[in-house]
Amino acid sequence: MAERFDVIESGGERGRRRWIGLVVLALLLVPAVSLLVSQDPDPAPAPDPVSPPAPGPIRSFRTIDNPPNVLHAEATERGGDEVLDVVFPHGARAKVRYPAELGLADMGSRPFQGVWVEGSYRQFVAPYGGEMQITQGGEPIRNYAPNVTLWPRQAGSGGYGQVLMFAFGPWRLAMYDRGTGLSFEERTALAEGLRGKVTKDGYLVLSVEDAGDGVRLAQPGGTVRGEPVGPQLWFGGGAGTMVVLTPAPGCERTATVPDVISGRGRPVDSVCRGDVQVTVTGSQRFRDQVVQGIRITHE
């Protein structure tokens, strides 16, 4: 080896030394290049034809053209306005009259209801994206009743834990647990005690039966940390314009903005129409039309 380097570096003609040096350099580069090529990552393996493909990502709420968990009740026209018959989750009926330009019927509505389980407050929410928003194509952890399943904690859900999903006809309600979560017995009592009835016009009415005193639904006017938790109807949602109707006896004295509205960080207006609080977020024009034009009468 020493003799070869001696030949390259000394002795003989200058041109001959240059030629030999190039040959040796080429011989040294070949294994180096081969080593670099061998370090490239292997191509991704072909998917297993036996395994089902992974579920695709849920579409953004902005792009859901027909959200599956929203009721589009039919409104009647009256002198440039629309009149919509609504039913709140506790069964109370009302007529909502508003300028037709607002299009509340087209926005669609979803129920909301707070519940107390052995002194712990929880919420029933109708996910805007329906069942797939909770399941994401997966399998439940367990069943608590024929219409109640338990699902893993969702990514990005903050302090919320596992999810109980209730099926009532076409409706899907989610109860997001918190902290250490309810016990098995508490979840079972809730799953077996909560009843849901779908009215002929498609609204969901909730009640509790055979669950003892440990499970009770929040009543109109009920609050937690100053926020209304009783029955509500949410119009719109996703990432867009939203109107919330909240039955609230003595509304002028007790009205506060529901968390689903205040948590959006957008301009909000609110007005009382009798014993119903109307809260709206959206453009200035839309908010003005709602506050000035909406009327609510109880049946």
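Computed extension length for His72-Phe184: 36.7 nm, one decimal, from 0.36 nm per residue of separation with the Cα-Cα distance subtracted.
Fraction of C-alpha pairs exceeding 23 angstrom in the stretch 94-197: 32 percent, rounded to a whole number.
Other residues within the sphere of radius under 14 Å centred on the Cβ of Arg172, judged by their own Cβ, net out at 0 (K and R +1, D and E -1). For the stretch 264-272, the Karplus equation 6.51 cos²θ - 1.76 cosθ + 1.60, evaluated at θ = phi - 60°, returns couplings of 8, x, 10, x, 10, 10, 8, 8, 9 Hz by residue, with Gly and Pro reported as x.
For the stretch 162-299, the convex hull drawn through the C-alpha positions has a volume of 149 cubic angstrom per residue.
With r defined as the distance between the Cβ atoms of Thr297 and Asp213 and R0 fixed at 51 Å, what FRET efficiency is calculated, to the nearest 0.05? Computed FRET efficiency for Thr297 and Asp213 comes out at 0.90.
For the stretch 83-90, the Karplus equation 6.51 cos²θ - 1.76 cosθ + 1.60, evaluated at θ = phi - 60°, returns couplings of 10, 10, 7, 10, 10, 7, x, 8 Hz by residue, with Gly and Pro reported as x.
Read the figures in this text as sums done on the coordinates, not as results from a lab. Keep in mind the model is a prediction, meaning the values are calculated, not measured. All Cβ positions, glycine included, derive from the backbone under ideal geometry; neighbour counts span all protein chains shown.
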